[in-house]
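To keep things clear, I will list the structure first and then write my remarks on it.
The values are calculated or read from the model by the stated rules, or taken from the named source; none is laboratory data. This is a predicted model, so every value here is computed, not measured. Here the Cβ positions follow ideal geometry from the backbone for every residue, glycine too, while neighbour counts run over all protein chains shown.
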Number of protein chains: 2
Amino acid sequence: MIEPIDLAKKFSLFSEHWSPRVVGELNDSYVKLVRLKGEFVWHQHDNEDELFLVIKGTLVIRLRARDLTIREGQFVIIPKGVEHLPVAEQEVLVMLLEPKATLNTGNLHNERTVEPEWI
Amino acid sequence: MIEPIDLAKKFSLFSEHWSPRVVGELNDSYVKLVRLKGEFVWHQHDNEDELFLVIKGTLVIRLRARDLTIREGQFVIIPKGVEHLPVAEQEVLVMLLEPKATLNTGNLHNERTVEPEWI
């Protein structure tokens, strides 16, 4: 079914942090929504570039050499192989775009690893 | 260079309608920004799904069976092979995500066909 997807409505369906939900698929990629708060873990995606579009709030993505600040209405693309650490001092709402094979923790598989579910 | 991309700033760099600009690339896809106003042409993309995220305004995408209305903060994915006709009664600002091979006019190659440029 081809239907418009409302980001705010989809975000209203969940409240957990660091637990991406799938809201669309195109080509070999998923569109995911995620709520971030606090600090994640350093990781990298060996084979996938990842897009973070900030829908609400301010996201910091730490790289090994410097920090990036991504505000509402901005996106950043983290290329494959680049270590990064997302940090959200206050809650941040993010739309992600990444290949279906992407694991949220990248090269790691630990207690922060979650399988995304469709909403 | 890994840098945040500000959608509003990028939109301020051009005013033409129906002329997508590339603002990012990830995996095999481009992120494009486009200003739409008026009616485009019926077309389909034989091999590529296409995502339209409305940043400002209200977009109508006509399908052969019905019309879709996509408002600010909503996106729609038009699957490969589905004929569609974007219509913007007032100007609409859209973020597109589509494979690099995608032609704006899909299966057609005519006077509306343009090569996207990076901004």
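Table for the structure above
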item: Hits in region B:82-107 - residues which are modelled with pLDDT under 95 and within 13 Å of another protein chain (Cβ to nearest Cβ); result: B:98, B:99, B:100, B:101, B:102
item: Residue A:35, sole failed condition from (1) at pLDDT below 95; (2) farther than 22 Å from residue B:31 by Cα; result: (1)
item: Conditions (1) at the interface with chain A (Cβ under 10 Å from one of its Cβ atoms); (2) of a type in the set (S, T, N, Q); (3) not in a strand (DSSP E or B): number failed by residue B:15; result: (1)
item: Where a residue in region B:65-81 is more than 8 Å from chain A (Cβ to nearest Cβ) and its partner, wherever it lies, is surrounded by fewer than 15 Cβ atoms within 10 Å (Cβ to Cβ) and in a loop (DSSP other than H, G, I, E, B), with Cβ under 7 Å and at least six apart; result: B:80/B:46; B:80/B:47; B:81/B:46
item: Members of region B:18-36 that are free of Cβ contacts under 8 Å to residues at least 24 places away in the same chain and either more than 11 Å from every other protein chain (Cβ to nearest Cβ) or in a loop (DSSP other than H, G, I, E, B) (or both); result: B:27
item: Residue match in region A:1-10 (condition: more than 12 Å from chain B (Cβ to nearest Cβ) and either over 28 Å from residue B:48 (Cα atoms) or of a type in the set (Lys, Arg) (or both)); result: no
item: Selection within region B:88-106 - on the phi < 0 side of the Ramachandran plot, in a loop (DSSP other than H, G, I, E, B) and surrounded by 13 or more Cβ atoms within 10 Å (Cβ to Cβ); result: B:102, B:103, B:104, B:105
item: Residue that is surrounded by the most Cβ atoms within 10 Å (Cβ to Cβ), among those in region B:6-16 that are closer than 14 Å to residue B:96 by Cα and not aromatic (Phe, Trp, Tyr); result: B:7
item: Selection from region A:41-62 of residues that are more than 7 Å from chain B (Cβ to nearest Cβ), of a type in the set (A, V, I, L, M, F, W, C) and out of contact with any helix residue (DSSP H, G or I) (no Cβ under 9 Å at 6 or more places or on another chain); result: A:41, A:42, A:52, A:54, A:59, A:60, A:61
item: The listed residue being modelled with pLDDT under 95 and aliphatic (A, V, I, L, M), out of A:60, A:41, A:76; result: A:41
item: Scan of region A:37-61 for residues that are free of Cβ contacts under 8 Å to residues at least 40 places away in the same chain, among the β-branched types (Val, Ile, Thr) and within 26 Å of residue A:110 (Cβ to Cβ), ordered by number; result: A:60, A:61
item: Number of positions in region B:66-87 that are not acidic (Asp, Glu) and not in a strand (DSSP E or B); result: 6
item: Filter result for residue A:67 (surrounded by fewer than 18 Cβ atoms within 10 Å (Cβ to Cβ) and in contact with a Lys or Arg (Cβ under 7 Å, 6 or more places away or on another chain)); result: no
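Here's the yes/no breakdown for (1) crowded, with 16+ Cβ neighbours inside 10 Å; (2) aliphatic (A, V, I, L, M):
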site: B:40; (1), (2): yes, no
site: B:43; (1), (2): yes, no
site: B:46; (1), (2): no, no
site: B:49; (1), (2): yes, no
site: B:54; (1), (2): yes, yes
site: B:57; (1), (2): yes, no
site: B:61; (1), (2): yes, yes
site: B:74; (1), (2): yes, no
site: B:79; (1), (2): no, no
